[in-house]
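Colleague: Sharing a structure, written as structure tokens. Questions coming.
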Amino acid sequence: MSQPVTITQTEIYKLRIPLKEPFITSLAKEDMVENVIVILRTSNGITGFGECSPYMPVNGESIDTCFIVGQYFANLLKGKDALQLEEHLAAMDKLIYANTSIKSAFDIALHDIIGQSKGIPLYKLYGGKNNKELVTDYTVSLDNAEKMAADAVKIKEAGYPAIKVKLGQSKKKDVERIRMIREAVGFDIPLRIDANQGWKLKEAIEILNALDAYGIELCEEPIAKWNYMRMRKVKKNSPIPIMADESCGDAHDAERLLKLKACDLFNIKVGKAGGVFNAYEIVKLADKAGMQMQVGAFMESRLGMTASAHLALCSDNITYCDFDTPLMFSEDMVSGGLSYHENGVMKVPDTAGLGATIEQSYLDKLEKVIV
């Protein structure tokens, strides 16, 4: 048996960084990143880094709730063996329901420690291989059609291989947005759309059929997540493949959606599932069903996004990545980690553990609590 790696101290930091420009969806407008950094220090000198990006409209958490609930978890884990991952995840679930965002930050930090203890990168903990090219799309925020078309042109000119477009208002407005974007960028670059639950059932079917002429690769979460029983009807009547996002939080959701045959693809997010471990449970279900997946994210920095990238290396059925948000930050404070290259290509470090950190000199400037 391996020697215990005792957690001696937890540090929780509030990270606030302005975005280069507002990020707008049918759910909310964001001008600033409000994330939480979790650092676990251990008796043998290994330090684990984690991050979450709470999003109130989706997971019901904020930077402040994560800061408070994180202190419950810090007290829960103090003096415990960091290598007992499943035991700690079960204890956090028993302590408080939901709160998947802050749970994911602790999960990532624990994975970081476990990977370092074993001397292997995080993806290898799940049998992954760093043998495929990860490529991110880039997102056009919800705005007037002219602005969205202009933004789409910039994305194409920057060399990204696919454009993701936020929709979710009305048939007239959304069809006009896509028409103008296609007119501006042509048909030689894939368009992916995301309604963020913005359409009613009948409306969704009408819009998806109206958009068929514009060569749409897929559509994320067309209707309200609580209306998952009707998603199969949307899928059946849509010429565009349907990807479950908000309705697919954890493995229980995924299993239900598979049984209902409600969608064509899953969008998996570490912060939505409650961590890498729970996210991988969804991957296993999708692999068994032969379903393709996307790994997405909220507004994590390159720190949290590195964990998502490790996950993306753990299945050949993960064919899409939506990792553009760190590129929207007005500053980058992460050392190591996921790196971005030309044409949306990304590379994952083969460093033991997560492979991403933040310098202490930067952290010292942030609001924090130490347990």
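The values are calculated or read from the model by the stated rules, or taken from the named source; none is laboratory data. All values derive from a computational prediction rather than experimental measurement. Here the Cβ positions follow ideal geometry from the backbone for every residue, glycine too, while neighbour counts run over all protein chains shown.
Colleague: If Pro326 satisfies every condition in (1) without any contact (Cβ under 8 Å) to a residue 40 or more places away in the chain; (2) crowded, with 22+ Cβ neighbours inside 10 Å; (3) in contact with a Pro (Cβ under 9 Å, 6 or more places away or on another chain) but one, which is the exception?
Modeller: Result: Pro326 fails condition (3) only.
Colleague: Identify, from the list Gly296, Gly344, the residue that is crowded, with 22+ Cβ neighbours inside 10 Å, over 14 Å from the mean Cα position of the chain (by Cα) and at pLDDT 95 or above.
Modeller: Matching residue, one of Gly296, Gly344: Gly344.
Colleague: Looking at Ala91, Ala82, can you tell me which residue is surrounded by fewer than 18 Cβ atoms within 10 Å (Cβ to Cβ), modelled with pLDDT of 95 or more and over 20 Å from the mean Cα position of the chain (by Cα)?
Modeller: Ala91
Colleague: List the pairs whose first member sits in the range 289-318 and is more than 20 Å from Pro54 (Cα to Cα), whose second member is among the hydroxyl-bearing types (Ser, Thr, Tyr) and in a strand (DSSP E or B), and whose Cβ atoms are under 6 Å apart, counting only residues at least 6 apart or on separate chains?
Modeller: Gln292/Thr319
Colleague: List pairs: first residue in the range 63-83 and more than 20 Å from Tyr97 (Cβ to Cβ), second residue modelled with pLDDT under 95 and not aliphatic (A, V, I, L, M) anywhere in the structure, Cβ distance under 6 angstrom, at least six positions apart or on different chains.
Modeller: If the second residue must be modelled with pLDDT under 95 and not aliphatic (A, V, I, L, M), the pairs left are Asp81/Pro4.
Colleague: Can you confirm whether Asn130 is in a loop (DSSP other than H, G, I, E, B) and surrounded by fewer than 18 Cβ atoms within 10 Å (Cβ to Cβ)?
Modeller: So Asn130 fits the description; yes.
Colleague: Being touching a Lys or Arg at 6+ places or on another chain (Cβ under 9 Å) and not assigned by TED's automatic domain parsing to the domain that holds Tyr97 is the requirement here; does Lys235 meet it?
Modeller: For Lys235, the condition - touching a Lys or Arg at 6+ places or on another chain (Cβ under 9 Å) and not assigned by TED's automatic domain parsing to the domain that holds Tyr97 - is met.
The rows are residues; the columns are (1) in the same structural domain as Ser26 (by TED's automatic domain parsing); (2) in a loop (DSSP other than H, G, I, E, B); (3) touching a Leu at 6+ places or on another chain (Cβ under 6 Å); (4) over 23 Å from Leu327 (Cα atoms).
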site	(1), (2), (3), (4)
Ala149	no, no, no, no
Gly168	no, yes, no, yes
Arg179	no, no, no, yes
Ile193	no, no, yes, no
Tyr228	no, no, no, yes
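Colleague: Only one of Ala158, Ala184, Ala150 is under 25 Å from the mean Cα position of the chain (by Cα) and of a type outside the set (Asp, Glu). Can you tell me which?
Modeller: Ala158
Colleague: Here is a list of conditions, (1) surrounded by fewer than 24 Cβ atoms within 10 Å (Cβ to Cβ); (2) not in a loop (DSSP other than H, G, I, E, B), and Gly304 meets all of them except one; can you say which number that is?
Modeller: Failed condition: (1).
Colleague: Only residues that are of a type in the set (A, V, I, L, M, F, W, C), within 27 Å of Leu122 (Cα to Cα) and in contact with a helix residue (DSSP H, G or I) (Cβ under 7 Å, 6 or more places away or on another chain): list them for the range 239-282, please.
Modeller: Selection gives Ala244, Cys248, Ala251, Ala254, Phe266, Ile268, Val270, Ala273, Val276, Phe277, Ala279, Ile282.
Colleague: I've got another one for you. Can you run down the residue pairs with Cβ atoms below 6 Å, 6 or more apart or on separate chains, where the first is in the range 168-185 and of a type in the set (Asp, Glu) and the partner is assigned to a helix (DSSP H, G or I) and crowded, with 16+ Cβ neighbours inside 10 Å?
Modeller: Taking only residues 6 or more apart or on different chains, the pairs are Asp174/Ile207; Glu176/Ala145.
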